[in-house]
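The values are calculated or read from the model by the stated rules, or taken from the named source; none is laboratory data. This one's a predicted model, so the numbers in the text were calculated from it and none came from an experiment. FYI the Cβ positions are ideal-geometry reconstructions off the backbone, even for glycines, and counts take in every protein chain you see. For the accessible areas, the whole protein counts, side chains as well, though only heavy atoms, and no ligand, DNA or RNA atoms are used. Shrake-Rupley method; radii C 1.70, N 1.55, O 1.52, S 1.80 Å.
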Number of protein chains: 2
Amino acid sequence: MTQENFKSPLLTVDSVLFTIKDNSLKILLLKRKNSPFQNSWALPGGFIDVDKDGSAEDTACRKLTDKTGVTPPYLEQLNTFSSKSRDPRGWSASIAYFALIAHEETNLDVTPRNDESAQWVDVESLMDETANYQPLAFDHQQIFQFALERLKQKALYSMLPVFCLPKEFTLGEYHTLIEIILGKSIQKKTLYRRFEASNMFEETGETLATGARAAMLYRLKEDAELVNFERNLG
Amino acid sequence: MTQENFKSPLLTVDSVLFTIKDNSLKILLLKRKNSPFQNSWALPGGFIDVDKDGSAEDTACRKLTDKTGVTPPYLEQLNTFSSKSRDPRGWSASIAYFALIAHEETNLDVTPRNDESAQWVDVESLMDETANYQPLAFDHQQIFQFALERLKQKALYSMLPVFCLPKEFTLGEYHTLIEIILGKSIQKKTLYRRFEASNMFEETGETLATGARAAMLYRLKEDAELVNFERNLG
DNA sequence: CAAATAGTGTCTATCAGACAGTATTCG
DNA sequence: CGAATACTGTCTGATAGACACTATTTG
């Protein structure tokens, strides 16, 4: 029995790219130009190009770089969503990726597109069924929710969310970020302890003043490995 | 731009099915009957049948049920492995699943196949490069190692490994299982505390005697949900 | 009673949570 | 100096690790 006996499913790649902007968590959405789901908002992604892409991760990276102008500092595979009904064109599978970036590092701020084809969309507005709500294309709502759960889970036991922040950032910014992701308040002391224990960061020597006492700026160490902790936050 | 512009990658499903047998952790391997990798050992899996399978999980389940006679009590998606080079027939992706079962519940013990086409293979022997070692087909070694890491990780913070045990089991059996998976000794007390705290199990009323004092037998409660703990083991 | 296996009591170590205290900067 | 923001000291509470203790069964 060989693959010639089988109709081939469609295979695509989609990514959920998170950032923190204007004190809220957002993901990148694109307006679809083509059928199916023409003019609906959708996750960045598309078909694998077997000539260009060595792997599905290459496809994810290529699509994200196309849209943002930069390669996200964090990208991991999320899950593959497959079914006979998720795409009206037939049996299909989408290999979904989960990525983080600082919006300041992308070109989406400096060149806001006139046609509004790409937007950072507030995660809260996507969760709120009662809002002025347009459903996302395909099963992208489900993929987004899966990604959000993963981000929340990892925020409990790793330093991963720092990849939503720009290259230089303060402990206060990190604290705010974690509280936004988890949707509840977390003791500063707890985060500061973990931040130090991770040994992933170094002081830049610069400080950032926003009102009163200036906060120390930190950056990732060159050789930093992402640290996981043995316990979860509350 | 539509999918007609793209050559379609091959899409398969493969599963890593773990069990505990003869005091060691084993996975199910099948001897390939066809090219490529004819006569090599491989993970159970194959092409998606878009007529039979509603989703990739259906494919995984169908293949495992074919081989073992039963549906595994635990099945989750692991990761999708894709590249232009993992299959000599061309660009391919395999959606890999991770499953657990008690070998006693399968028909592989009662009807050992004469042709030796299906075998429980010791995980240690697969890790040991120096042993009389035949490489697995495709990138199945890599998939297996990914699955083993996941199992070890989940053993640290959840009760998941119980699905390697038969429907009725003792705390001693659970203790032995965890020590085999983690490859190190764990305090009985710690596991017993978690076992109780999980509230997932109930006494059967029966006991099992193997030498001296008889051990209480436990089974999963009907409505039991898999519990995750806030801290990792050692 | 000795040996073997099952299961418990209890102390310590670690780290998250709570929260008050000190430090720095601006007006 | 007071207000605002940044950061630290230190106590409490929860739970994993260590390990000695008790319980049950067989011979």
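Observations on the structure shown:
- A:Val121 vs. criteria within 16 Å of DNA strand D (Cβ to nearest atom), closer than 18 Å to A:Pro72 by Cα and either more than 14 Å from chain B (Cβ to nearest Cβ) or assigned to a loop (DSSP other than H, G, I, E, B) (or both): no
- Top-ranked residue of region B:42-77 - restricted to ones that are in contact (Cβ under 8 Å) with a residue 60 or more places away in the chain and surrounded by fewer than 21 Cβ atoms within 10 Å (Cβ to Cβ), ranked as farthest from B:Val13 (Cα to Cα): B:Pro73
- Against the numbered list (1) open to solvent by less than 40 Å² (accessible area, probe 1.4 Å); (2) at pLDDT 95 or above; (3) over 16 Å from the mean Cα position of the chain (by Cα), A:Ala99 comes up short only at (3).
- Answer residue from region A:1-23, given it is touching a Ser or Thr at 6+ places or on another chain (Cβ under 9 Å) and over 22 Å from B:Ser8 (Cα atoms) and is nearest to the other protein chains (Cβ to nearest Cβ) among those: A:Leu17
- Residue satisfying all of: in region B:179-224; under 20 Å from B:Phe18 (Cα atoms) and near DNA strand D (Cβ under 10 Å from one of its atoms); surrounded by the fewest Cβ atoms within 10 Å (Cβ to Cβ) among these: B:Lys184
- Scanning region B:189-221 for residues that are within 16 Å of B:Phe163 (Cα to Cα) and in a strand (DSSP E or B) turns up B:Phe201, B:Glu202, B:Leu217, B:Tyr218, B:Arg219, B:Leu220.
- Qualifying residue in region B:158-174 (condition: open to solvent by less than 30 Å² (accessible area, probe 1.4 Å) and within 10 Å of DNA strand D (Cβ to nearest atom)): no
- Qualifying residue in region A:137-144 (condition: in a helix (DSSP H, G or I), of a type in the set (D, E, K, R), open to solvent by 10 Å² or more (accessible area, probe 1.4 Å) and modelled with pLDDT of 95 or more): no
- Options A:Lys84, A:Lys31, A:Lys26, A:Lys21; residue that is at pLDDT 95 or above and in contact with a Gly (Cβ under 7 Å, 6 or more places away or on another chain): A:Lys84
- Leading residue by the ranking (nearest to the other protein chains (Cβ to nearest Cβ)) among those in region A:225-234 that are open to solvent by less than 80 Å² (accessible area, probe 1.4 Å) and within 12 Å of DNA strand C (Cβ to nearest atom): A:Asn232
- Residue selected from region B:34-52 under the condition within 21 Å of the chain's Cα centre (by Cα) and part of a loop (DSSP other than H, G, I, E, B), by the criterion nearest to the other protein chains (Cβ to nearest Cβ): B:Ile48
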